[in-house]
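Enquirer: Shown below is the structure under consideration.
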Amino acid sequence: MYDHQALEKKWRKRWQASGLYKTSEDRKKPKYYILDMFPYPSGVGLHVGHPKGYIATDVLARLRLMQGYNVLHPMGWDAFGLPTENYAIQNKIHPRVATEENIATYKKQLELLGFSYDWEREVNTTDPAYYKWTQWAFLKMFEKGLVYESNEPINWCPSCKTGLANEDLEDGRCERCGSEVELKPMRQWVIKITDYAERLLQDLDKLPDWEESIKEMQKNWIGRSEGAEIIFPVLGTEENIKVFTTRVDTIFGCTYVVLAPENDLIPRLCGKIKNWTAVEKYLESVKNKTDLQRTDLNKEKTGIVLEGIKALNPFNQEEVAVFAADYVLNSYGTGAVMAVPAHDERDWDFAKNHDCPIRSSVSSDASYGKASAGACYTEDGYLINSGEFSGLSSETAREKMTRWLERNKFGARKVNYKIKDWVFSRQRYWGEPIPLIHCAACGVVPVPEADLPVVLPEVKSYEPTGTGESPLAAMADWVNVKCPKCGGAGKRETNTMPQWGGSCWYYLRYIDPHNDKALVDKKKEAYWSPVDFYVGGAEHATRHLIYARFWHKFLFDIGAVSYGEPFIRLKHVGLIMGEDGRKMSKRWGNVINPDEMVKKFGADATRVYEMFMGPFEAATSWSTNGLIGTRKFLEKVEQLIAGDHANSAIDKKTLSLLHKTIKKVGEDIENFRFNTAISALMILVNELGKFRVDKTEGSLLLQILAPFAPHLSEELWESSGHSESIFQSSWPQYDAALISDEMVNLVIQINGKLRATLEVSADISETEAWELVQDNETIKKWLDGKTVVKKIFVAKRLLNIVVK
RNA sequence: GCCGCGGUGGCGGAACUGGCAGACGCGCUGGACUUAAAAUCCAGUUGUAGCGAUACAGUGCGGGUUCGAUUCCCGCCCGCGGCACCA
């Protein structure tokens, strides 16, 4: 038993006092920047799952420190946003005060776990000195034309009373509160992230050390599809219907065209639409539907034909009907599609309901050119009924037909993305003010850089208004300002930025946290950037990680940073579930508090256990018994180093094991395979326990244990006579000569089945092995009366004898 | 529907590049110590048969390739995650 409470307290104090974790700026050394996704300090504090990623990065940070790197391993707070604001409203305290309290709680909890953060670099997104630069970057985007004001309908959460970005939805519901969102036209600021869609996609290939799964999620989210835009002239008018399709090859099967109900062509054509009253009624009925209702795949496809309107298929000059139907989305492509019921499921469903003709133009069959009757055929195939293009494969046809379109000015090649521009306005209080001023004479005028930051003012009521205005709008003396351009009467923009704004670039601020002249000093940035390793939850794959990559690329384009991607290597941390296998939540009463575990079993045991639970990326269930197991392991270590041993000195085999373990632990930490590293340490400690361990061997063990269990290792390191911190010692080198085995277990198989193992010298030859085997009683039995057909020998591994 | 990941003892999970399946930990069983319990230590712990050496079966299911498959290939089933009337 050791007194973990006293011991851990002692070392936390000493490390603090000695400045052990102060980041060195000594440029002669190689740098290593290892980063966690900074937490949102909520009112409830951390549960044991939160620190898992932080422990992992801390283990690697400590390894790098011992390997002689300059390590940047910072921590900070992503503190703007709705939860704090709601908590503040509920508890009648100011969000700033709530934030301060929550940060204090979080910090205390983190410190208990003994992380090696340099707190002098702490950042806080709600600090005006920080968000000055969030606003600065926004203004740069504004300057470059990447920001625009829009009145388009956007997602509106009726419960949070704010507009939301597409990324803030989960299955048509508000990701925060779960309310069904409404589509509401609102004035809002939008960032053209779509301008960066192609680069965000392409550059994923430059990130070989990102997990494939995260890259896939981003690819899905960006949703690139290649196709063509085609013009269908509207007969008897000057208007054209532009459609987007990835399947030009099916166009001879197009039997009608569909417009999204919101397509602005419809009102323009109203004079020609004979059934306008009915059409208007349909459009009205669609308007009242939520997005969730509209995109319900199970519902019947509704729509209405626009009587009196015909569109011309440019390929065959056919006149086709035009519908308005809500299965076509206005927000994707051109808000209009050419319908090919024979080769598209959705068009097929609609055509069946609305008696539209169905005509095949692609066959699965090259030789007979038969149309598939009675079913929708969506695969590629060979063209039929397609004039000069008949007989071509879908792929060739797409190419040729696209060229035909371009030649005849009826359309062009086009790439579309699913990702939408980033709705950047929130009608809430607790966020960065958007630094723009509206002036009657000059329009929208940016706040001059010298006037940044635009500080979030103190308001009496910060409750959301629900009117589409933020609570800031009520602050007359803050809102009314002189126009920076003409000096006339101006009004400040009262929307605030979304929570994602401040987290887009915080990793750059750690590099140079107190700079008031620039977002980050260029020389410092060039040294520390990019982040070598980034660790956090997979839930950020399509939110924070897309936004941050975009923001970084923008900063790169304006020369503020030196590299095009922010994070070189990325791993996601698996959740820790409750002991009952469910997600930890108050609702289930299965939340485990880390403070309690640290108090009972120690920070070291908690750290070791969380790393031992399973593969880092995997979700695993908490087990307090498991934690007790790792505590026992640490006690064994303590006994081993501190205890009296009458045993003999360690043998060669165990010394070899020690060196193998040094190698394995180092490699496993690099690869984030902590569970096998701990397992190897346990095996080593079990073996060493059989012997008397001298100072040299004991010190080696402590050094490789130290990243996981820093307090105990440091204590035992000191008590075994070292005067410097263990983290100032160099990570041990394993002795390559010692780790190659002299003796190995050679597996003897008969017909691939294990029949014996022989302990033999590692360099045994096939002939020697065969001779040994023939003398072996068990093997003899199996060879008896059989003919040896073949022998397979794998050096140091096995001899397989094939018999008949 | 599309994309990705996974399925190994009672549980969490190991297994390099196709070469001893179940390391390590938890739990459980038996024993030692103890008046007793806890703690600790020792032994055992995939299933079936056997006192036993041992034999057979065994990594979601069905096939295949191979001297040899948890690992590779084909076809399924189940679970998780992402995207989704995206034309």
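The values are calculated or read from the model by the stated rules, or taken from the named source; none is laboratory data. These figures come from a predicted structure and were not determined experimentally. Cβ coordinates were reconstructed from backbone atoms using ideal geometry, including for glycine residues, and neighbour counts include every protein chain displayed. For accessibility, only protein heavy atoms count, side chains too; no ligands or nucleic acids. Shrake-Rupley method; radii C 1.70, N 1.55, O 1.52, S 1.80 Å.
Enquirer: Kindly sort A:F80, A:F315 by accessible area of their heavy atoms, largest first, with the probe set to 1.4 Å.
Expert: Result of the area sort, largest leading: A:F315, A:F80.
Enquirer: List the DSSP H helices in chain A whose Cα atoms stretch 18 Å or more along the helix axis and whose mean Kyte-Doolittle hydropathy is at least -1.0.
Expert: Once both thresholds are applied, what remains is A:51-66, A:95-112, A:128-143, A:544-557, A:624-642, A:652-670, A:674-688.
Enquirer: Moving on to the next point. Measuring with a 1.4 Å probe in the full set of protein chains, what accessible area per residue, in whole Å², belongs to segment A:590-642? Walk me through the numbers on the way to the answer.
Expert: Numbers: 1940 Å² over 53 residues.
The answer is 37 Å² per residue.
Enquirer: Considering only A:P153, A:Y117, A:Q135, whose Cα is most displaced toward the positive end of the charge dipole of segment A:76-199, charges sitting on Cβ of Lys, Arg (+1) and Asp, Glu (-1)?
Expert: Towards the positive end, the residue furthest out is A:Q135.
Enquirer: Starting from 0.36 nm per residue, how many nanometres of slack lie between A:D171 and A:T624 once their C-alpha separation is accounted for?
Expert: On the way: separation 453, 0.36 × 453 = 163.08 nm, distance 3.54 nm.
Contour length minus the Cα-Cα distance gives 159.5 nm.
Enquirer: Right, here's the next one. To the nearest whole percent, what portion of all C-alpha pairs in segment A:560-622 is separated by more than 13 angstrom?
Expert: Cα-Cα pairs in segment A:560-622 separated by more than 13 Å: 71 percent.
Enquirer: Can you tell me the length gained on complete extension of the stretch A:A736 to A:N275, counting 0.36 nm per residue apart and subtracting the Cα distance? Before the final figure, lay out the partial values.
Expert: Values: separation 461, 0.36 × 461 = 165.96 nm, distance 8.61 nm.
The A:A736-A:N275 span can extend by a further 157.3 nm.
Enquirer: Dipole magnitude of chain A about its Cα centre, charges +1 at Lys/Arg Cβ and -1 at Asp/Glu Cβ only, in debye to the nearest 20?
Expert: On the way: 103 positive and 110 negative charges, 36 e Å.
Using only the charged Cβ atoms, the result is roughly 180 debye.
Enquirer: Positive end of the dipole of segment A:654-804, charges at C-beta (+1 Lys, Arg; -1 Asp, Glu), about the Cα centre: which of A:P710, A:G689, A:A795 has its Cα farthest in that direction?
Expert: It is A:A795, whose Cα lies furthest towards the positive end.
Enquirer: Kindly sort A:E85, A:E395 by accessible area of their heavy atoms, largest first, with the probe set to 1.4 Å.
Expert: Ranking A:E85, A:E395 by accessible area, largest first, yields A:E395, A:E85.
Enquirer: Then there's this: How many angstrom lie between the Cα centre of segment A:117-195 and the Cα centre of segment A:757-804?
Expert: Taking the Cα centre of each part, segment A:117-195 and segment A:757-804 sit 70 Å apart.
Enquirer: So what's the gap between the Cα centers of segment A:506-557 and segment A:574-633, to the nearest angstrom?
Expert: 31 Å
Enquirer: Rounded to the nearest 0.05, what FRET efficiency is calculated for A:D451 and A:K524 with R0 set to 41 Å and r the Cβ-Cβ distance?
Expert: 0.95
Enquirer: Oh, and also: Give, rounded to the nearest 20 debye, the magnitude of the charge dipole that segment A:1-135 has about its Cα centre when Lys and Arg contribute +1 at Cβ and Asp and Glu contribute -1 at Cβ.
Expert: It comes to approximately 500 debye.
Enquirer: Provide, as a two-decimal number, the C-alpha radius of gyration of segment A:124-214 over 2.2 N^0.38 Å, N being how many residues it has.
Expert: 1.34
Enquirer: A further question on this structure: For a quick check of understanding: with a 1.4 angstrom probe and all protein chains in place, what accessible area in square angstrom does A:R224 have, to the nearest ten?
Expert: Taking all protein chains as shown, A:R224 has close to 90 Å².
Enquirer: I've got another one for you. Rounded to the nearest angstrom and ordered from largest down, what semi-axes does the equivalent ellipsoid of chain A get from its C-alpha gyration tensor (root of 5λ)?
Expert: Working: eigenvalues 677, 353, 101 Å².
Value: 58, 42, 22 Å, ordered largest first.
Enquirer: Give the residue from A:G227, A:S42, A:L508 lying farthest towards the positive end of the charge dipole for chain A; charges sit on Cβ (+1 for Lys and Arg, -1 for Asp and Glu) and the dipole is referred to the Cα centre.
Expert: A:L508
Enquirer: Return, ordered by residue number, the residues of segment A:720-757 whose backbone nitrogen is under 14 Å from a label point located 7 Å along Cα→Cβ of A:N776.
Expert: Residues passing the 14 Å test: A:744-757.
Enquirer: At each listed q (0.12, 0.15, 0.25 Å⁻¹), what is the log10 of I(q)/I(0) that the Debye formula gives for segment A:1-87 modelled as equal alpha-carbon point scatterers?
Expert: At q = 0.12, 0.15, 0.25 Å⁻¹ the computed log10 ratios are -0.53, -0.78, -1.24.
Enquirer: What does the charge dipole of segment A:107-186 about its Cα centre add up to, to the nearest 20 debye, if the Cβ of each Lys and Arg holds +1 and the Cβ of each Asp and Glu holds -1?
Expert: 240 debye
Enquirer: Further question on the same structure: Report, to the nearest whole %, how much of the accessible area of chain A belongs to carbon and sulfur atoms, 1.4 Å probe, protein only. Numbers along the way, then the final one.
Expert: Values: 17670 of 35740 Å².
Exposed carbon and sulfur together represent 49 percent of the surface.
Enquirer: Please report the equivalent ellipsoid semi-axes of segment A:189-345, computed as sqrt(5 x eigenvalue) of the Cα gyration tensor, largest first, in whole Å.
Expert: Value: 33, 19, 15 Å, ordered largest first.
Enquirer: Between A:D365 and A:E399, what FRET efficiency comes out of the Förster formula 1/(1 + (r/R0)^6) with R0 = 22 Å and r the beta carbon distance, rounded to 0.05?
Expert: Details: r = 21 Å, r/R0 = 0.96.
That gives a FRET efficiency of 0.55.
Enquirer: Sticking with this one: What residues have an amide H closer than 5 Å to that of A:I154, excluding those fewer than 5 places away on the same chain, when H is modeled at 1.01 Å from N in the peptide plane?
Expert: A:K184, A:M186
Enquirer: Out of residues 5 or more away from A:Y256 or on other chains, whose amide H comes under 5 Å of its own, with H placed 1.01 Å from N in the peptide plane?
Expert: Hits under the 5 Å cutoff: A:A339.
Enquirer: Apply 1/(1 + (r/R0)^6) to the Cβ-Cβ distance of A:T465 and A:V794, taking R0 = 60 Å, and write down the FRET efficiency to the nearest 0.05.
Expert: Given R0 = 60 Å and the Cβ-Cβ separation, E is 0.20.
Enquirer: Now, a different point. Give me the distance between the Cα centres of segment A:395-463 and segment A:473-494, rounded to whole Å.
Expert: Here the two parts' Cα centres lie 23 Å apart.
Enquirer: Here is a further query. Quick check on packing: order A:540-550, A:453-463 by the mean number of other C-beta atoms within 10 Å, highest mean leading.
Expert: Highest mean packing first, the order is A:540-550, A:453-463.
Enquirer: Peptides A:340-353, A:684-697: what's the order by average Cβ count within 10 Å, highest mean first?
Expert: A:340-353, A:684-697
Enquirer: Return the ratio Rg/(2.2 N^0.38 Å) for segment A:84-126, where Rg is computed over Cα atoms only.
Expert: Relative to the rule-of-thumb radius for its length, segment A:84-126 sits at 1.36.
Enquirer: Starting from one equal scatterer on each C-alpha and no solvent at all, send me the Debye-based log10 I(q)/I(0) for segment A:646-804 at q = 0.12, 0.16 Å⁻¹, two decimals.
Expert: Results for segment A:646-804 at q = 0.12, 0.16 Å⁻¹ read -0.67, -0.90.
Enquirer: Counting heavy atoms of the protein chains only and a 1.4 Å probe, report the per residue accessible area for segment A:167-283 as a whole number of Å².
Expert: Each residue of segment A:167-283 exposes 45 Å² on average to a 1.4 Å probe.
Enquirer: Continuing with the same structure: Taking one equal scatterer on every alpha-carbon of segment A:496-540, how large is log10 of I(q)/I(0) by Debye at q = 0.14, 0.17, 0.33, 0.34 1/Å?
Expert: Cα-only, vacuum Debye calculation for segment A:496-540: -0.42, -0.59, -1.20, -1.22.
Enquirer: Roughly how many Å² is the accessible area per residue of segment A:668-741, as a whole number, for a 1.4 Å probe?
Expert: Working: 2910 Å² over 74 residues.
Roughly 39 Å² per residue, with all protein chains present.
Enquirer: Now, a different point. Determine the gain in length on full extension of the stretch A:R199-A:N220; use 0.36 nm per residue of separation and subtract their C-alpha separation, reporting nm with one decimal.
Expert: Answer, rounded to one decimal: 6.1 nm.
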